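See below for the structure under consideration.
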Amino acid sequence: MRTYHQLTDPDRSGLGDQIGAQRKRVAERLAAVRRIVAVMSGKGGVGKSYVTAHLARALARGGRGVGVLDADLNGPTIPGLLQVPHTAQPPAIGLDGVKCISMGHFLDEGAPLAFKGPAAESFVWRGAMEASALREFLGDVEWGSLDVLLLDLPPGMQRYSELCDILGNAPAVLTVTIPTPESRDAVRRAMRAAVEHGSELLGIVENMVGGELKGSAGDDLAAEFGTPVVARVPWHPTPETWNRLAAQL
Ligand SMILES: Nc1ncnc2c1ncn2[C@@H]1O[C@H](COP(=O)(O)OP(=O)(O)OP(=O)(O)O)[C@@H](O)[C@H]1O
Ligand SMILES: [Mg+2]
């Protein structure tokens, strides 16, 4: 299969140029962002958004400029976690001064994301529209200068692949898992994909430790991928847990 950049025939749609222009625009918007970190797991409900929000707050309390892009377009939870007010001009400012953009800013309370398009093959439309919404977030939001931009990804690897494509390179990745073997196996697949794309692995956050959930997913994955467990987060952790994690990034 050829990519747009490999087209040799005259491309009358100008698609190659459009994609080049969009990447340039994204690069300009992110020029003053020192580091982009995708928070992902490949598994749902393990605490990606919770970790993203609390890590962002701890970084901000430590004096760093922090933004969060809520890349979960269908189930945005960041506005609630960061208590971001509605704003006409994103980014909004949440708890501890964290800047934030989320689809939640554009949806009525509780309304699902609706796409206009043909009913047939609507899943294709949905996928394409979500990717373009992400591209618009990255191309439109003026973050100003940031030390870290955290990207809260939804479960699965689709959004991560889109992100690599839109950014033109693979972002650094912070992985979240819970201790169980099931989580380990799902997260392993995600980490393999991240390594294949060329992402730097910053480490593993093992969440919900010390309770009912048994297993050693954090240590297992750390050994397999040669990357550290940067935090073990209990249920309802104290700010100190997040401060320690923030100090390692
Ligand atoms: N360490 C924790 N202590 C207390 N509550 C937690 C902890 N981690 C996660 N939660 C809660 O568990 C629920 C799931 O967490 P969260 O929404 O962050 O998961 P997620 O991985 O982002 O899910 P999704 O895959 O749907 O995006 C939330 O209600 C969150 O507040
Ligand atoms: Mg989430």
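Any read-out appearing in this document is the output of simple, stated calculations on the displayed coordinates, not a laboratory observation. Nothing here was measured: the structure is a model prediction, and the numbers come from that model. Using ideal geometry, Cβ is built from the backbone for each residue, glycine included, and neighbour counts are taken over all protein chains shown.
Worth a mention:
- In the chain, the DSSP-assigned H stretches of four residues or longer account for a calculated mean residue ellipticity at 222 nm of -12000 deg cm²/dmol, using -39500 (n - 2.57) per stretch and the full residue count as denominator.
- For region 161-217, trypsin sites (Lys or Arg not before Pro) are listed when DSSP marks them as loop and at most 15 other Cβ atoms sit within 10 Å of their Cβ; the list is Lys214.
- Karplus-based coupling profile of region 215-225, in residue order and whole Hz: x, 10, 4, x, 5, 4, 5, 4, 5, 5, 9, with θ = phi - 60° in 6.51 cos²θ - 1.76 cosθ + 1.60 and x standing for Gly or Pro.
- Spatially proximal aspartates and glutamates relative to Lys43 (Cα-Cα < 12 Å; intrachain offsets below 8 disregarded): Glu182, Asp185
- Surface/4 estimate of mean projected area, convex hull on alpha-carbon atoms of the chain, nm²: 14.9 nm²
- Within a Gaussian network of the chain (alpha carbon springs, distance under 10 Å), most fluctuating of Ala56, Ala194, Ala31: Ala31
- Under the Karplus curve 6.51 cos²θ - 1.76 cosθ + 1.60, θ = phi - 60°, whole-Hz ³J(HN,Hα) for region 196-211, x wherever Gly or Pro sits: 4, 6, x, 6, 6, 8, 7, x, 10, 9, 9, 9, 6, 7, x, x
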